[in-house]
Structure formats: structure tokens, C-alpha cells
Amino acid sequence: TSYYLRTLISDTVIDNEGREAFKFIRLVRDDTNAVWEISDVWTTICDEHRLELTEENRRKVKLIFPPKTYTTWDANIYNSLSPMQCIYESIHEPYSVNLLSFDSTIRVEQDNVLNLVSYRRKYEIYANHVGLVKKYFKDLVISNFDTLNITSGSELMYNCIDFGIE
């Protein structure tokens, strides 16, 4: 399945802990000629210590501040999902995607496992003053270390194609 996703930061709301949060609106469409339709409204909070995103009623810690090499955190510390240890793989590195160039990005490694029956690879890249510019999620059941011999699983990739204020 292929689709276009647009995210907008909107009005402020008060979350269930009494903190000021921003509405994080996700809009989708099938092609560039279709009308944008709201698919989700999440919330996001950014303070001097971390950036949180509450998606599908699950609060996740996407980034911690300041970004430092070898710093780890559990993205799922505030929800009931299994722990997901994250680490900054690269900090303030240039990155290009779809003819867009960003001079300062950080890469958050979330999972990287290859064994006899499983291939899991998850990371996100954020650009300074832009936000998420790439998301890579692969969780496959494989046979005998062969990543082309897939029994089941899922893959998700987001790549930035544009950004800015509308």
C-alpha cells in the first residue's frame, strides 16, 4: 500500500496530566490529486528534556534532550508495550532524501535484530527545525537467516517529500 501522509501541529490542549500539549493531526490521501482526509489526531509535548508523542492512546518518548552519543532511553516507558531501547546513532549529520537536503539530523535507532527466524529493523531520522524526515520499520518472520524468504511480517517506510508552513 502506498499513500501520502501529512502531519500538522495545531491547537494546544491540556493532556490527562494537566500539561499543555499540541494536537498532532495526520492527514492522508492516495495520490497527489486527492483531497487530504484526517486519519488521526494525536498529541505531542516537547519540553527541555524530551519529545513525547501520544499515538493511538499510547504515550511514547521519541527524543530526549540534549541528544548525546550513547544515550539510551525506553520509548515505551509510559505505556504497556514491551520496552524499546533507543539510542542516538548519529547526531548533527547531514542527510538527503527525495532531493531535500538537511544540514543537521539525528538518527534514533530503535531495533536491529537479524537471527535465524526474525529480521527487525527500526529507526527514525529527524531534521533540525523540520521534524521526522524518515521512518523505517521492518518486522519480519524469516527462514534460515534469509531476509528474502519471508513467512510473515510488516514493513513501513516514510520519506519526506516536502515540508514547511502552508
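Numbers at a glance
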quantity: Accessible area expressed per residue, the chain, with surrounding protein chains retained (probe 1.4 Å, Å²); calculated: 65 Å²
quantity: Extreme residue, positive dipole direction of region 6-101, given options Ser82, Val97, Thr43 (C-beta unit charges); calculated: Ser82
quantity: Scattering curve values for the chain, log₁₀ I(q)/I(0), Debye with Cα scatterers, q = 0.15, 0.20 Å⁻¹; calculated: -0.99, -1.53
quantity: Over the chain, relative contact order from alpha-carbon pairs under 8 Å, at least 6 apart, %; calculated: 10 percent
quantity: All-pairs Cα distance distribution in region 12-56, expressed in whole percent, bin size 10 Å; calculated: 26, 41, 22, 10, 0
quantity: Ellipsoid equivalent to region 26-90 - semi-axes via the Cα gyration tensor, in Å; calculated: 28, 15, 12
quantity: Pairwise centroid distance, computed over Cα atoms, of region 37-102 with region 1-34, Å; calculated: 15 Å
quantity: Alpha-carbon Rg with Dmax, taken over region 67-154, Å; calculated: 15.0, 43
quantity: Protein accessible area in region 1-117, 1.4 Å probe - carbon and sulfur %; calculated: 50 percent
quantity: Candidates Thr151, Thr43, Thr105, ranked by Gaussian network fluctuation over the chain, Cα under 10 Å, top entry; calculated: Thr151
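The values are calculated or read from the model by the stated rules, or taken from the named source; none is laboratory data. Keep in mind that what you see is a predicted model, and the values were worked out from it rather than measured. Cβ: placed from backbone, ideal geometry, glycine included. Neighbour counts: every protein chain shown. Just the protein is used for accessible areas: all its heavy atoms, side chains included, with ligands, DNA and RNA removed. Shrake-Rupley method; radii C 1.70, N 1.55, O 1.52, S 1.80 Å.
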